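The values are calculated or read from the model by the stated rules, or taken from the named source; none is laboratory data. Predicted model only: the values in this text are computed from it and were never measured. Reconstructed Cβ throughout: ideal geometry from the backbone, glycine too, with neighbour counts over all protein chains shown. What goes into the accessible areas is simple: the full protein's heavy atoms, side chains included, and nothing from ligands, DNA or RNA. Shrake-Rupley method; radii C 1.70, N 1.55, O 1.52, S 1.80 Å.
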Amino acid sequence: MKYLINTILFVLAFQMSLLAQKTSISGKIFNQEKQAVAGANITLKGTVRGVQSNQNGEYIIKSIPTGEYTVVVSNVGLKTQEVTVKVVENETKKIDFQMEDLSQTLNTIDVIANRGVRGNEHLAEVEGFSINATKKNEVILLDNINANLAMNNARQVFSRTPGISVWENDGSGIQLGVASRGLSPNRSWEFNVRMNGYDITPDPMGYPEAYYTPPMEVVDRIEIVRGASSLQYGSQFGGLMNFVMRKPDISTKFTVESQNTTGSNGLFSTFNYVGGTTGKLSYTAYYQKRVGNGWRDNSYFNTDHAHLALNYAVSNKLKIGAEVTYMTFQSQQAGGLTDAQFSQNARQSTRSRNWFSTPWLIPSVSAEYIFNEKSKLSFKAFGVIAERNSVGFTKAITETDDLKNRQVDRDFYANFGSELRFLTDYKLFGKSNTLATGFRYFKGNIDRKQLGKGTADADMNFEIVESLYPRDLAFKNTNTATFFENIFRFNDQFLITAGARIENINSTMDGRFALTNGQATNLSPISRTRTFALFGAGAEYHVTKQSEFYTNISQAYRPVLISDLTPPATTDIIDENLQDAKGFNFDFGYRGKINNFFNFDVDYFFLNYDNRIGTISQTNSAGQRFQYRTNLGRSVSQGFEGYLEFDALAALAPKAKLGSLSMFASIAFIDATYRDFRTTTVSNGQIVEGNLSGKRVENAPQKINRFGVTYAKKGLSVTWQMSDIGKAYSDALNTETPNAAATTGVIPAYQVQDLSANFKFLKHYNLKAGVNNLTDERYFTRRAGGYPGPGLLPADGRTFYVSAGVKF
């Protein structure tokens, strides 16, 4: 024991002596015209250490141990350079780099400055600890988009991402509702939604609704990997949607930024950011306040977002970090409308006492260790401590609010998860290959309290006037998973990927289902454990250095949710053998670019969604009718997606100083239909069986097209875009004529236009402005059967915003 203690003390003392050293590497980065290159990445190969050059092209990497290092300098559009140097104690080694131009390839995420296309990019074949080769993926660079970021305008943010459907009933921008390939946009729950690589939903296994959306003003990029992401990230047919926040500024000790926005309906938003790097410590923090009345009557929102991130390089090999994110808001919900009310006045509201709030706390810690230039390890641990609270009069929109006690529903989430990932490059038959593998543990706890008797007030008050909630359920999920995926490279042009994932899920639920005259009706405890494997493979062929064919097929699944295990009534029965929905995604596409003036990505997709859960009527041995929830059938989504962006000025006049004129088209044809899905109806007291085969999947427009033009010169850029969205149905029976409560019926096709501009001047300042729904169209994207309706939920009419910002 004494020897062990002495050894630990010696190691700690040695480590502290290393930290105390003054050795550093510094210099300047400039281009062939001897101009300073800002934002270049300078890293020490095989370590976690790295910085960026500042506005003057200068850099410095401080407090490094003595030894030999390979300094790597890279920047978009410039050739990467490497220089090996040897530094001794207390030395400041000075190295300047003159960078040369380079034709851009698919292996980097390109940030387009003044000339060339300004649209989406693709993830590198290997990015961080993930393999993206062979997969359909997009990177939405927020700096490349002119959009109303203060309001998280999803229609603009996802404009260049083909096949993304958007629910636009939440004009406050608090919650995001998007989906792809004919899936449901309900709070983006068909995506595996993450922030900086970790989960931010209540429970990905049991309740994957994304109540929290990061403010787009602090998001650096959005990474979308379609269904083939299931091997590395797990559940959901839609794939991965990862919000990557701005990283700490590693070019300066201190950066401060403020963006302030005002607009229609009393909008005011202030976003304030600080960040920087001092020695081995990097930090970033932001606070956003957003308040407004909303476009409709009885609408109001007041949001607060805060985030703090710290990263510290303990040594050249080890980096640790911690983050904490908090959101709270008040949101008054205007409720739904009937079709007649919508036609008369889409801004009206008959619900003045409905409120919604979701306080959200997300802490996380991380560590990254680099063994050598080829192998590295990552660990993340995270939690979600949050609530979902609603209060209001929630009966059908055809009923008038009686101004009596409102209904209160509350969820409490306390979830914890961790992921360990390892990535290594290795040689096989003389070729370089890549292996990504990892392990995941997640434990979710949901405490659901519903049907509470609230106050008769009109303000946001979630107190109940009786001591108990009639419904009080506890839902627990434990998930462990392990995965691997490998890139096998046969030559410089051709590679294949193959991988597998093994999932183990244990779900339990118990508690009180109802309370009648003081008598409790308890739910029979439910416990389900299942273990299964997912497999996938893909291939990629590089036609040129700037274009490639890609294809993949990967199994996917969607877990049984808490709502699937909760019977609507005490007489309903849940299938004891209820299974997770399973299926697969297939992609075949061609993507690439021609120099800096043409980007493209076109593909065919096929999504098989089997074991979909539904409810049918049954009769027991006593002749009594009951509702039976079980796996009923499958649906198929298939179609074509295309993204094209062309800069006419860069192509026709590459040397002229005319600026950039970039035109894009994001188009998708989606055929989402049920192939075999049993149903039942009751006619003349008899159960009549039917089938949804051939019916279109609800909330799945066949046409999702978006077009736009951006002109940019020096600090000015202006973007016009149009969304052209096809007809959809709100129910699986494809009801054409709306019912009286407006919960079923057609969702008509619509077109909507947006105009946004951005002007940067004097290096530190910017002005932004725009008009959303330029022609003041009246349309809606959703009919809701429950909260925040029920009823038809109109999208916002014409609104404007003006914003001013400063950054030092």
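Flag not set for Thr508, criterion: among the polar types (S, T, N, Q), within 29 Å of Tyr557 (Cβ to Cβ) and open to solvent by 70 Å² or more (accessible area, probe 1.4 Å). Looking only at the range 290-320, residues that are assigned to a strand (DSSP E or B) and surrounded by fewer than 18 Cβ atoms within 10 Å (Cβ to Cβ) come to 9 in all.
So that you can scan it fast, the table gives a plain yes or no per residue for (1) in contact with a Phe, Trp or Tyr (Cβ under 9 Å, 6 or more places away or on another chain); (2) over 30 Å from Ala749 (Cα atoms); (3) open to solvent by 20 Å² or more (accessible area, probe 1.4 Å); (4) of a type outside the set (Lys, Arg):
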residue: Glu121; (1), (2), (3), (4): no, no, no, yes
residue: Lys135; (1), (2), (3), (4): yes, yes, no, no
residue: Ala154; (1), (2), (3), (4): yes, no, no, yes
residue: Gly171; (1), (2), (3), (4): yes, no, yes, yes
residue: Arg194; (1), (2), (3), (4): yes, yes, no, no
residue: Val219; (1), (2), (3), (4): yes, yes, no, yes
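Of the residues making up the range 417-453, those that are open to solvent by less than 70 Å² (accessible area, probe 1.4 Å) and closer than 30 Å to Leu403 by Cα are Asp447, Arg448, Lys449, Gln450, Gly452.
Restricting attention to the range 445-471, the residues that are modelled with pLDDT under 95 and closer than 30 Å to Ala381 by Cα total 0. If the condition is being assigned to a strand (DSSP E or B), of a type outside the set (A, V, I, L, M, F, W, C), in contact (Cβ under 8 Å) with a residue 40 or more places away in the chain and more than 22 Å from Met151 (Cβ to Cβ), then the range 719-771 contributes no residue at all. You will find that of Thr350, Thr328, Thr400, the residue that is open to solvent by less than 50 Å² (accessible area, probe 1.4 Å) and either of a type in the set (A, V, I, L, M, F, W, C) or more than 30 Å from Asn433 (Cα to Cα) (or both) is Thr328 and no other. With the requirement that a residue be in contact with an Asp or Glu (Cβ under 9 Å, 6 or more places away or on another chain) and either in a strand (DSSP E or B) or modelled with pLDDT under 95 (or both), what does the range 795-808 give you? Gly805, Val806, Lys807, Phe808, listed by residue number.
Candidates Lys395, Lys376: the one that is of a type in the set (Lys, Arg), open to solvent by 30 Å² or more (accessible area, probe 1.4 Å) and farther than 30 Å from Leu318 by Cβ is Lys395.
Considering Phe483, Phe513, Phe488, the condition of being part of a strand (DSSP E or B), of a type in the set (Phe, Trp, Tyr) and at pLDDT below 95 is satisfied by Phe513 alone.
The condition of being open to solvent by less than 30 Å² (accessible area, probe 1.4 Å), farther than 29 Å from Phe439 by Cβ and modelled with pLDDT of 95 or more holds for Glu548.
Return the residues of the range 720-769 that are open to solvent by less than 20 Å² (accessible area, probe 1.4 Å) and under 27 Å from Val256 (Cα atoms); say none if nothing qualifies. Once the filter is applied, which keeps residues that are open to solvent by less than 20 Å² (accessible area, probe 1.4 Å) and under 27 Å from Val256 (Cα atoms), the range 720-769 yields only Ser756. Of all residues in the range 592-614, how many are of a type outside the set (S, T, N, Q) and either in contact with a His (Cβ under 8 Å, 6 or more places away or on another chain) or free of Cβ contacts under 8 Å to residues at least 60 places away in the same chain (or both)? Qualifying residue count for the region: 8.
Just checking, how many residues over the range 784-808 are without any contact (Cβ under 8 Å) to a residue 60 or more places away in the chain and crowded, with 19+ Cβ neighbours inside 10 Å? The qualifying residues number 0.
Got a number for residues in the range 246-266 being within 25 Å of the chain's Cα centre (by Cα), crowded, with 19+ Cβ neighbours inside 10 Å and modelled with pLDDT of 90 or more? So the answer is 3.
Conditions tested, residue by residue: (1) open to solvent by 20 Å² or more (accessible area, probe 1.4 Å); (2) outside any strand (DSSP E or B).
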{"site": "Tyr590", "(1), (2)": "yes, no"}
{"site": "Gln638", "(1), (2)": "yes, no"}
{"site": "Glu641", "(1), (2)": "no, no"}
{"site": "Lys657", "(1), (2)": "yes, yes"}
{"site": "Tyr674", "(1), (2)": "no, no"}
{"site": "Val688", "(1), (2)": "yes, no"}
{"site": "Gly694", "(1), (2)": "yes, yes"}
{"site": "Ala700", "(1), (2)": "no, yes"}
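A count restricted to the range 456-481 and to residues that are open to solvent by 60 Å² or more (accessible area, probe 1.4 Å) and within 26 Å of Asp564 (Cα to Cα) stands at 2. If the condition is being in contact (Cβ under 8 Å) with a residue 60 or more places away in the chain and more than 30 Å from Asn596 (Cβ to Cβ), then the range 67-96 contributes Val85, Val87, Val88, Glu89, Asn90, Glu91, Thr92, Lys93, Lys94.
Looking at the range 131-161, which of its residues are part of a loop (DSSP other than H, G, I, E, B) and either under 23 Å from Val718 (Cβ atoms) or hydrophobic (A, V, I, L, M, F, W, C) (or both)? Within the range 131-161, Ala133, Ile145, Asn146, Ala147, Asn148, Asn152, Asn153, Phe158, Ser159, Arg160, Thr161 qualify.
Taken together, Arg528, Arg489 contain a single residue that is over 22 Å from Gln232 (Cα atoms), among the charged types (D, E, K, R) and either surrounded by 15 or more Cβ atoms within 10 Å (Cβ to Cβ) or touching a Pro at 6+ places or on another chain (Cβ under 7 Å) (or both), which is Arg528.
Which residue out of Phe605, Phe600, Phe626 is open to solvent by 10 Å² or more (accessible area, probe 1.4 Å) and modelled with pLDDT of 90 or more? It would help to see each step written out before you state the result.
Details: Phe605 fails: open to solvent by 10 Å² or more (accessible area, probe 1.4 Å); Phe626 fails: modelled with pLDDT of 90 or more.
Phe600 is the lone residue from the list that is open to solvent by 10 Å² or more (accessible area, probe 1.4 Å) and modelled with pLDDT of 90 or more.
Take Phe412 and decide whether it is touching a Gly at 6+ places or on another chain (Cβ under 7 Å), open to solvent by 10 Å² or more (accessible area, probe 1.4 Å), free of Cβ contacts under 8 Å to residues at least 60 places away in the same chain and not polar (S, T, N, Q). Talk me through it step by step, then tell me what you get.
Details: touching a Gly at 6+ places or on another chain (Cβ under 7 Å): no; open to solvent by 10 Å² or more (accessible area, probe 1.4 Å): yes; free of Cβ contacts under 8 Å to residues at least 60 places away in the same chain: yes; not polar (S, T, N, Q): yes.
Taking the combined requirement at face value, the residue does not satisfy it.
Pick from the range 676-686 the residues that are touching a residue at least 12 places away in the same chain (Cβ under 8 Å) and open to solvent by less than 50 Å² (accessible area, probe 1.4 Å): which of them is farthest from Asn611 (Cα to Cα)?
The initial filter retains those residues of the range 676-686 that are touching a residue at least 12 places away in the same chain (Cβ under 8 Å), namely 676-682.
With open to solvent by less than 50 Å² (accessible area, probe 1.4 Å) added as a condition, the list becomes 677, 679-680.
Values: Phe677: 9, Thr679: 14, Thr680: 17 Å.
Among those that are touching a residue at least 12 places away in the same chain (Cβ under 8 Å) and open to solvent by less than 50 Å² (accessible area, probe 1.4 Å), it is Thr680.
List every residue pair whose Cβ atoms sit under 9 Å apart, with the two residues 6 or more apart in sequence or on different chains, where the first one lies in the range 474-487 and is free of Cβ contacts under 8 Å to residues at least 40 places away in the same chain and the second, anywhere, is open to solvent by less than 10 Å² (accessible area, probe 1.4 Å) and aliphatic (A, V, I, L, M). Every condition considered, the pairs that remain are Ala474/Ile446; Ala474/Met509; Lys476/Ile446; Lys476/Met509; Thr478/Met205; Thr478/Ile505.
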